[in-house]
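These notes concern the structure reproduced below.
Values quoted throughout were computed directly from the atomic coordinates according to the rules given, and no laboratory measurement underlies them. Quick caveat: nothing in here was measured; it's all calculated off a predicted structure. Positions of Cβ are backbone-derived with ideal geometry, glycine not excepted, and every protein chain shown enters the neighbour counts.
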């Protein structure tokens with residue numbers, strides 16, 4: 001398919017490829033936040049931001065920002081961006097595609113001498129992935145006023161997070177919450193199979209699912225596997241198997257409607273894990289994601305009922321499930337969604353609305369501004385791995401959608417403050 | 001309950017207590033075969049054997065033997081015994097109770113000046129527990145002609161098993177199979193709850209269950225836990241949960257008859273075991289025990305059917321189950337069982353017949369002679385742990401049963417060669 005786009009797939013491919021080359025020695029695509037490799041990537045990005053005519057700075061939160069001043073002072077800022085950090089042994093596109101697309105938006109505006117009324121900022125958020133300090137979305141949580149104060153004291157490699165933010169160029173302790181941003185847009189690879197399966201170009205994201213992590217601990221009794229009759233056991237593993245299937249059944253039921261729901265037993269460990277001993281203890285970690293909070297509440301209530309039924313039926317004690325983290329769903333903004341739908345129509349992008357099961361900086365930005373995001377397809381839904389792959393043409397189409405939406409918002413948001 | 005027994009609970013308690021004191025520093029009841037602590041325990045045992053008037057030697061297989069010659073040369077040997085080695089952090093009674101009871105039998109015969117027609121041998125088998133060389137029943141397999149030749153080349157701590165048997169006092173390479181043993185008897189703690197639950201003194205063991213170990217490997221697909229719809233997953237964990245429940249269901253069905261059957265998923269591991277990734281691989285190790293070989297064959301056949309149904313239903317690939325070890329059930333000898341039943345009746349021991357779900361040296365001895373064993377109760381069925389506990393009075397009653405049975409066999413086996 002040949003399209004007549006204002007954006008350039010070749011330039012996007014070049015930027016992504018250059019960043020892919022900045023990686024830990026002998027590790028594919030590893031540029032974790034706060035490492036020297038990350039800072040090297042940022043220096044390269046800053047040069048590219050400058051070459052696009054942007055004024056570059058690191059904000060107090062440690063985010064890299066390229067700014068293009070608007071014609072009408074005081075209207076506020078339209079922000080576009082994503083993140084350049086990766087997971088260990090990660091991919092070339094997660095986050096990076098969104099930074100490259102945002103840069104391409106700015107570059108295209110400069111190229112066509114289009115001046116916006118609003119200020120435009122291109123952003124590379126600090127540490128979206130789980131960082132060496134064990135926390136994620138460090139930059140977007142800071143400027144959305146949701147970064148927990150105690151995070152700054154976290155230690156890694158002999159320094160605090162506050163000190164590490166200082167090394168990146170931030171100041172960490174200043175008042176950070178931005179109040180001037182009138183809209184935020186992010187492009188990201190889907191990290192799923194929906195667009196590829198349905199042969200679509202763009203997913204317009206209606207909401208970022210809430211993520212709740214739940215620990216379940218089962219305690220049975222370690223008996224001799226040879227001598228203990230089947231009917232006299234308290235086998236923590238077979239009780240845990242019932243729990244895993246109950247979770248799958250509940251989640252499948254909740255996912256049957258039009259709203260995204262998923263639940264996964266991602267971590268599982270067993271004690272004593274010896275061939276001839278009936279398992280005595282199992283620990284499970286559940287990752288549950290809901291587009292609607294009601295569904296998550298429903299899931300947790302039904303799960304508690306299932307757990308007491310399983311405990312009663314097996315004689316295995318199951319502790320009250322422990323919610324270890326619980327982030328609310330973040331609905332995207334109606335007006336920005338409308339602009340993105342219109343932009344898809346204008347660029348000819350085959351699109352659908354969908355929820356994001358994965359977490360993103362957009363979820364935090366939605367706390368302080370009109371925010372929304374778009375997905376582009378990625379091969380086989382693979383992500384967080386070296387084989388992660390997306391087509392520069394798809395990202396360029398996404399960048400054209402962002403550009404078109406930015407132009408619409410630049411106009412519309414003057415009428416609707 | 002006060003009984004008028006020929007055997008002494010006090011002497012048995014003393015022997016068990018003395019051996020319990022010979023343990024690895026700061027570890028409860030650890031006297032693993034081939035270690036200096038094990039040899040120290042053996043030296044103490046050899047002195048006690050001698051004090052009971054026995055001729056003591058280490059046989060070529062590394063077993064410690066105390067012999068009391070019979071009145072009628074050429075009739076053969078009646079052997080009684082068990083093992084003195086322990087698992088790491090084990091108990092005071094597993095194996096040791098049987099050695100102490102056998103010694104008490106010899107001591108009581110000497111005390112009452114009773115001369116048997118047959119030779120009597122008291123034996124402490126070498127390395128009944130899984131040893132530092134990764135194999136078990138080293139001594140009983142040697143003298144029953146079933147010790148695999150390749151075992152001798154196994155390495156641990158810088159030496160071969162052959163060399164380690166030499167250090168214990170054996171010769172390893174001689175022809176070892178005993179042909180002179182006319183009967184073998186072993187006393188052991190039950191390691192289960194049946195006797196305690198039914199308030200019985202003695203279990204007369206009809207068979208030692210066969211033990212089959214089976215590896216099952218499941219291969220699904222590692223997907224993003226947030227973005228992958230419930231219906232589009234190949235979750236190795238929820239497939240493995242179905243396998244674990246199928247195994248429990250099959251085993252419970254087979255255990256419903258009069259013959260012992262049990263199956264346990266004792267080892268379980270999962271990859272990648274990360275909170276936000278759908279599990280891609282699970283490995284399970286099944287321990288299955290059957291009193292009758294037919295039941296094991298039936299279990300394996302039904303398991304294969306269940307596995308293909310689960311694979312078809314989930315999209316998770318399940319490899320053909322791999323049988324990594326497969327020991328046949330060992331029925332005990334009818335004549336020795338009859339002698340033990342009669343001995344229980346004569347001593348007033350409340351007894352029942354039952355199968356052994358655990359493996360024992362008796363299983364190997366049954367290959368070369370009339371063999372049978374008895375169980376005594378142990379508290380809560382606990383074993384292979386420091387809290388393992390049995391009453392000296394119960395062991396003394398068991399020793400009296402052994403003594404009575406030995407006297408019956410000494411007479412009966414002359415008539416029935």
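How would you rank A:225-237, A:262-274, highest first, on the average number of other Cβ atoms within 10 Å across their residues?
Result, highest mean Cβ count within 10 Å first: A:225-237, A:262-274.
Mind checking A:384-391 for the average number of partner chain beta-carbons within 10 Å of each residue's beta-carbon?
Across the residues of A:384-391, the mean count of other-chain Cβ atoms within 10 Å is 1.
Send over the per residue convex hull volume for region B:155-260, Cα only, as a whole number of Å³.
Spread over its residues, the Cα hull of region B:155-260 gives 275 Å³ apiece.
Averaged across the residues of A:267-280, what count of C-beta atoms belonging to other chains lies within 10 Å of each residue's C-beta?
The mean count of partner-chain Cβ atoms within 10 Å per residue comes to 6.
For the protein assembly as shown, what is the mean residue ellipticity at 222 nm derived from helices alone (per DSSP H run of n ≥ 4: -39500 (n - 2.57); sum divided by total residues; nearest 500 deg cm²/dmol)?
Using -39500 (n - 2.57) per qualifying helix, the result is -11000 deg cm²/dmol.
Between helix A:96-111 and chain A, what is the angle of the helix's C-alpha long axis to the longest principal axis, kept within 0 to 90° and rounded to the nearest 10?
So the helix axis and the longest Cα principal axis differ by about 10 degrees.
Any idea what diffusion coefficient the protein assembly as shown gets from Stokes-Einstein, in µm²/s, Kirkwood Rh on alpha carbon pairs, 10 °C, 1.306 mPa s?
Using the Kirkwood radius from Cα pairs, D works out to 51 µm²/s.
Give the Kirkwood hydrodynamic radius (Å, one decimal) of chain B, defined as one over the mean of 1/r across all pairs of different Cα atoms.
In chain B this quantity evaluates to 22.8 Å.
Run the quick spin-label model on residue B:312 and residue A:146: label points 7 Å from Cα toward the beta carbon, then report their separation in nm to one decimal.
4.7
Using a simple spin-label model with points 7 Å from Cα along the Cα→Cβ vector, what separation in nm is obtained for residue B:346 and residue A:114?
Distance between the two pseudo-spin positions: 10.6 nm.
Quantify how strongly other chains surround peptide A:216-224 by giving the mean number of their Cβ atoms within 10 Å of each of its Cβ atoms.
3
Would you calculate the convex hull of the Cα atoms in region B:210-326 and tell me its volume per residue in Å³?
With only Cα atoms used, region B:210-326 gives 87 Å³ per residue.
Fewest Cβ neighbours within 10 Å first, please rank B:307, B:409 accordingly.
B:307, B:409
Taking the alpha-carbon centroid of each part, what is the distance from region B:321-392 to region B:192-232 in angstrom?
22
Calculate the FRET efficiency for residue A:323 and residue B:335 from the Cβ-Cβ distance with a Förster distance of 60 Å, rounded to the nearest 0.05.
According to the calculation, E is roughly 0.40.
Kirkwood Rh, region B:1-117, all Cα pairs: how many Å?
When all Cα pairs of region B:1-117 are included, the Kirkwood radius is 15.1 Å.
How high is the relative contact order of region B:1-156, in percent, counting Cα pairs under 8 Å that sit 6 or more residues apart?
It rounds to 26 percent for region B:1-156.
Tell me which A residue has its C-beta closest to the axis rotating A onto B, and the distance in Å?
So the chain A residue sitting closest to the axis is A:241, 2.
Let me check the size of region B:84-125 from its C-alpha atoms; what are the radius of gyration and Dmax in Å?
Reported Rg and Dmax, both Å: 13.0, 41.
Could you tell me the center-to-center distance, by alpha carbons, between region B:134-153 and region A:69-127 in angstrom?
Region B:134-153 and region A:69-127 have Cα centres separated by 71 Å.
May I ask for the equivalent-ellipsoid semi-axes of region B:294-356, computed as the square root of five times each C-alpha gyration tensor eigenvalue and listed largest first in whole Å?
44, 12, 8
How far apart, in nm, are the 7 Å Cα→Cβ label points at residue A:57 and residue A:175?
1.6
With r defined as the distance between the Cβ atoms of residue B:385 and residue A:198 and R0 fixed at 51 Å, what FRET efficiency is calculated, to the nearest 0.05?
0.35
Does anyone have the angle between helix A:392-415 and the longest principal axis of chain A? Alpha-carbon axes, 0 to 90°, nearest 10?
70
How would B:87, A:282 line up from fewest to most surrounding beta-carbon atoms within 10 angstrom?
B:87, A:282
For region B:263-313, what Kirkwood radius comes out of the mean inverse Cα-Cα distance, in Å?
For region B:263-313, the Kirkwood estimate is 13.0 Å.
Would you mind ranking B:412, B:26, B:201, A:85 so that the residue whose beta carbon has the fewest other beta carbons within 10 Å leads the list?
B:26, B:412, B:201, A:85
Estimate the FRET efficiency between residue A:301 and residue B:50 by the formula 1/(1 + (r/R0)^6), using the beta-carbon distance for r and 60 Å for R0, to the nearest 0.05.
Efficiency at R0 = 60 Å is approximately 0.25.
In degrees, nearest 10, range 0 to 90: what is the angle between the Cα axis of helix B:293-314 and the longest Cα principal axis of chain B?
Here the helix axis deviates by roughly 20 degrees.
Could you work out how far the C-alpha centroid of region B:240-295 sits from that of region A:282-305, in angstrom?
Spelled out, the Cα-based centre of one part sits 27 Å from the other.
Once the convex hull of the C-alpha atoms of region A:1-63 is built, how many Å³ does it hold per residue, rounded to a whole number?
120
In Å, what Rg and Dmax follow from the Cα atoms of region A:276-417?
Using the Cα atoms of region A:276-417, the pair Rg, Dmax is 21.6, 73 Å.
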